[in-house]
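Comments concern the structure below.
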Amino acid sequence: MGLFNFDLGLGIGFVLLIDLAFAWHIIRTGRSPLWIMAIALGQALGWIAYIAFALLPDMLRSNSARRLADNVVNAADPGRGYREKLRNVEMVGSVDSKRALAEECIRMGRFADAIELYESAMQGPLGGSDPTLLKGLGRARMLSGDGVAAESLFVKLKESDPAAFDADAELDYARALALQGKNDAAVAQYEKVVSRYPGEEARARFGLLLESLGQQARAQALFTEILKSVKGAPSYYRGRQREWMAIARAHLK
């Protein structure tokens, strides 16, 4: 009898926790309090209804869900994203459509096309100072090997909108300096960004630069730090950092 009462208590507690979780979500998302009543009265049926008509639609509208859907589509048809964005440029020709296609071109390694699109998008009255376009064009120029033009664009971005000169832009700026052989400036820039860059890419690239400059001890310390950072990290993080982990292992002596 005591065991039965214990199990019953656990069951009631579990149901109560679920009810409270749904109530918290209802209040947080600003939904009608009638949902709380429906869940309290309907129990399992109320849970199912809320999941079907509230939780699932929220999940499908989320950025992560859209990214997952895009990844699935691109895996099945790698050129579909490019074709859709190209069609938008041809039909609409807006700044946003050109920017989206330029970003897709960068992902595909079509840097010359990306440069042309960004420069076209910047022809408007405010386009020349748009931080998103400046950052995108700077990245495209850097990836194409034009360190001089990339440096100029990142300097302009930093001066016109310091808040937009984020960690990604700082890393690309460091790479643009290194492309020109401005090694002292590149090292100084890497030192600024490496500690606050989200992920291991900045450390890996900085380590490779230091190694090329003969600064083996500093390079080895960075490669060691990468492997320590990912050790015990969640699997999703390790998956995203796989490329930089491989570089660290390959260059660690």
Here FRET efficiency (C-beta to C-beta, Lys156 to Met108, R₀ 22 Å, nearest 0.05) is 0.25
Extension length gain for Leu252 and Glu191 (0.36 nm per residue less Cα distance), in nm, is 20.0 nm
If the limit is 30 Å between Cα atoms, which of Lys158/Lys182; Lys98/Lys156; Lys192/Lys231; Lys85/Lys182; Lys182/Lys253; Lys182/Lys231 go over it?
-> Lys85/Lys182; Lys182/Lys231
Compute the FRET efficiency between Met37 and Arg87 as 1/(1 + (r/R0)^6), taking r as their Cβ-Cβ distance and R0 = 30 Å, and round to the nearest 0.05.
-> 0.05
Would you work out the relative contact order for segment 94-183, in percent, from Cα pairs under 8 angstrom that are 6 or more residues apart?
-> 23 percent
Gain upon complete extension [Glu116, Asp184; 0.36 nm per residue less C-alpha separation] | 21.3 nm
Quote to one decimal, in nm, the extra length available between Leu213 and Ala233 on full extension: 0.36 nm per residue of separation minus the C-alpha distance between them.
-> 4.1 nm
Please label the shape of segment 192-253 as rounded, prolate or oblate, based on the square roots a ≥ b ≥ c of the eigenvalues of the alpha-carbon gyration tensor (a/c under 1.5 means rounded; beyond that, a/b larger than b/c means prolate, else oblate).
-> prolate
Assuming R0 = 25 Å, what is the FRET efficiency of Thr224 and Ala167, from their Cβ-Cβ distance, to the nearest 0.05?
-> 0.70
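Every number in this text was worked out from the coordinates using simple rules, so none of it is lab data. What you see is a predicted model; the values in this text were computed from it and never measured. Cβ coordinates were reconstructed from backbone atoms using ideal geometry, including for glycine residues, and neighbour counts include every protein chain displayed.
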